[in-house]
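**Student:** Once you've had a glance at the structure underneath, I'll fire off some questions.
The values are calculated or read from the model by the stated rules, or taken from the named source; none is laboratory data. In this text the structure is predicted, and so the values were computed from the model without any measurement. Glycine also receives a Cβ, built like all others from the backbone with ideal geometry; neighbour counts cover every protein chain displayed. Heads up: the accessible areas ignore ligands, DNA and RNA and are worked out on the full protein's heavy atoms, side chains in. Shrake-Rupley method; radii C 1.70, N 1.55, O 1.52, S 1.80 Å.
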Amino acid sequence: PLALGLYTVNAVYGDTITMPCRLEVPDGLMFGKWKYEMPNGSPVFIAFRSSTKKNVQYDDVPDYKDRLSLSENYTLSIKNARISDEKRFVCMLVTEDDVSEEPTIVKVFKQPSQPEILHQADFLETEKLQMLGECVARDSYPEGNVTWYKNGRVLQPVEEVVVINLQKMVDKSTGLFTMRSSLQYMPTKEDANAKFSCIVTYYGPSGQKTIQSESVVFDVHYPTEKVTIQVLPQSSTIKEGDNITLKCSGNGNPPPQEFLFYIPGEAEGVRSSDTYVMTDVRRNATGEYKCSLTDKSMMDSTIITVHYLDLQLIPSGEVTKQIGEALPVSCTISSSRNATVFWIKDNTRMQTSPSFSSLQYQDAGNYICETTLQEVEGLKKRKTLKLIVEGKPQIKMTKKTNTNKMSKTIVCHVEGFPKPAVQWTVTGSGSIINKAKETKYVNGKFSSKIVIAPEENVTLTCIAENQLERTVTSLNVSAISIPEYDEPEDRNDDNSEKVNDQAKLIVGIVVGLLLAALVAGVVYWLYVKKSKTASKHVDKDLGNIEENKKLEENNHKSET
């Protein structure tokens with residue numbers, strides 16, 4: 001490189017400066033020397049080397065003591081380059097007849113330290129011009145320049161908005177520069193997350209370079225412009241018994257710490273932090289809730305609906321009724337929305353609501369009326385009716401001769417609740433073949449039966465007794481040897497209904513046949529009646545002929 005047409009050596013601060021002597025060594029060289037020129041042009045000799053004795057001498061120059069080295073080819077090296085080494089050095093080769101000189105310019109460069117943003121503001125306020133910080137880059141040579149950036153873009157000076165002041169100071173002992181650039185800035189709300197940085201531009205041996213500082217984000221304070229009220233937890237529905245929290249927030253920074261909460265039915269606002277808690281809310285908490293700043297500005301509101309569900313079952317609990325009685329049952333619902341109602345009996349869902357005009361034993365059981373609000377999770381109510389149907393014991397006895405013709409089965413059909421206890425007694429000779437066996441007690445009905453082989457006519461008595469009454473019924477049973485019409489056992493209810501239906505059908509057919517026979521009989525009777533009337537006239541005629549024949553015979557006999 002050349003400077004003003006002269007050979008230039010670029011050196012890095014602290015490194016070794018190497019300057020070759022750019023002269024051809026002439027014949028008859030006596031010695032070589034190096035000097036540098038003072039600002040006023042006067043020379044200062046610093047190194048000498050003889051071509052004949054091969055010895056090197058260094059002049060007593062304090063700035064270069066122990067820093068110089070002169071090689072055999074007259075190349076001069078200077079250790080630990082300093083800013084003060086920026087001079088014009090001259091290589092001199094001397095013969096008896098001539099002195100040759102060749103100058104070299106030395107340039108020294110020093111990279112500055114990475115810039116730092118010092119004296120940072122604790123926070124920034126909108127609509128206020130204030131000191132953001134100072135960018136400092138130290139120990140540069142030559143001096144550098146500082147540029148401020150926001151979000152990667154250059155900050156240009158704007159009056160009363162962006163004010164930049166750059167100062168450059170030099171250390172007289174080292175000759176190095178320190179750059180200080182202060183930034184005054186008026187932020188906006190959008191600068192809340194802005195990244196500020198600074199870059200120092202400097203020159204090195206290979207040209208212009210830059211170093212960037214770490215980015216800094218400042219807390220930007222701005223006033224609240226909007227208030228928002230929320231209901232926590234953020235559920236779509238609220239039901240009685242829930243705990244809810246009203247949270248009020250402002251969009252300022254820092255956010256407001258206190259608010260006024262306005263509760264339905266209360267004229268004045270309640271001063272609180274940013275939350276207001278309500279526990280175990282009831283339906284009367286439904287209404288409009290508001291919150292505002294403490295100065296009653298910037299208000300927001302929300303509607304809260306507390307859902308409820310009431311169920312009334314009449315009657316409920318344990319109810320005891322007599323068989324055949326009527327029992328009206330009502331399940332009444334009161335709710336904030338349309339509710340779904342269904343009935344359960346003994347863990348089985350019913351298709352219709354229960355209605356009892358004449359209670360039967362099978363009506364007894366545990367009834368549950370249950371209702372839910374499908375849109376409101378967890379809102380469910382149920383009440384229970386335990387229905388007990390009581391009845392005095394009712395007895396019907398049947399008998400049947402067994403197929404072996406050796407015994408008879410006597411059945412005592414019992415109805416009643418509580419379940420009656422059954423006893424058997426027998427009057428007359430005969431023995432009980434086995435103990436009484438009972439069928440399963442279902443819907444207030446069961447049967448007790450015994451098997452006997454009576455030697456003579458006997459009377460069997462069935463006694464059924466519960467807390468309500470004692471009922472006694474007797475049945476005469478003929479001896480095995482005596483034929484009698486056996487009575488079939490009662491069948492179950494379903495078979496009984498089928499038998500009844502069949503009996504009704506048979507009776508209908510018989511009545512129809514009787515009516516047809518009656519009509520046919522009447523017709524036949526009328527026909528016979530007419531036939532007899534005609535026969536009488538014929539008989540009369542036939543009678544007259546017979547009488548005439550008899551008279552003729554008698555006359556003939558008389559004549560003879």
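**Student:** Once ligands and nucleic acids are excluded and a 1.4 Å probe is used, how much of Arg271 is accessible, expressed in Å² to the nearest 10?
**Tutor:** The accessible area comes out at roughly 140 Å².
**Student:** Please work out the FRET efficiency for the pair Thr403 and Ser353, using the Cβ-Cβ distance as r and a Förster radius of 56 Å; give the result to the nearest 0.05.
**Tutor:** 0.70
**Student:** How much area per residue is accessible in the range 392-477 when the probe is 1.4 Å and only protein heavy atoms are counted (Å²)?
**Tutor:** Heavy-atom accessible area per residue stands at 55 Å².
**Student:** Of the accessible area of the range 184-293, with the probe set at 1.4 angstrom, what percent is carbon plus sulfur?
**Tutor:** 46 percent
**Student:** Using a Förster distance of 56 Å, how high is the FRET efficiency between Arg337 and Thr126, based on the Cβ-Cβ distance and rounded to 0.05?
**Tutor:** 0.70
**Student:** On to the next question. In whole percent, how big is the carbon plus sulfur part of the accessible area of the range 392-477, probe 1.4 Å, protein atoms only?
**Tutor:** Of all accessible area on the range 392-477, carbon and sulfur atoms account for 50 percent.
**Student:** Let me check I've understood the local charge: for Phe261, count other residues with C-beta under 15 angstrom from its C-beta, Lys and Arg +1, Asp and Glu -1. What total comes out?
**Tutor:** Surrounding charge for Phe261 is -3.
**Student:** Write down the accessible area per residue of the range 8-109 in Å², having rolled a 1.4 Å probe over the full set of protein chains.
**Tutor:** 54 Å²
**Student:** Grab the other residues whose beta carbon is less than 14 angstrom from that of His119, score K and R as +1, D and E as -1, and report the net.
**Tutor:** That sum, taken over residues with Cβ under 14 Å, equals -2.
**Student:** Something else about it: If you wrap a convex hull around the alpha carbons of the range 309-389, what volume per residue comes out, as a whole number of Å³?
**Tutor:** 86 Å³
**Student:** Follow-up question, since we're still on this one. Looking only at the chain, where both bridge partners belong to it, what percent of the DSSP beta bridges are antiparallel (to the nearest 5)? Kindly include the intermediate steps, with their values, before the conclusion.
**Tutor:** Working: 151 of 167 bridges.
Within the chain, antiparallel bridges account for around 90 percent of the total.
**Student:** Using only the alpha carbons of the chain, determine the length spanned along each of the three principal axes and report them from longest to shortest in whole angstroms.
**Tutor:** 238, 71, 66 Å, listed from the longest principal axis down.
**Student:** As I understand it, the value is the acute angle between the Cα axis of helix 493-559 and the longest principal axis of the Cα atoms of the chain; what does it come to in degrees, rounded to 10?
**Tutor:** It is inclined by approximately 20 degrees.
**Student:** I'd like the FRET efficiency for Glu160 and Asp274, computed as 1/(1 + (r/R0)^6) with the beta carbon distance as r and R0 of 30 Å, rounded to 0.05.
**Tutor:** Efficiency, rounded to the nearest 0.05: 0.25.
**Student:** Determine the per residue accessible area of the range 227-304 with all protein chains present and a 1.4 angstrom probe, expressed in square angstrom.
**Tutor:** Per-residue value: 54 Å².
**Student:** What is the gain in length, in nm to one decimal, between Ala192 and Glu455 on full extension, counting 0.36 nm per residue of separation less the C-alpha to C-alpha distance?
**Tutor:** My answer for the length gained is 83.2 nm.
**Student:** Can you send over the solvent-accessible area of Asp295, 1.4 Å probe, protein chains only, in Å² to the nearest 10?
**Tutor:** 100 Å²
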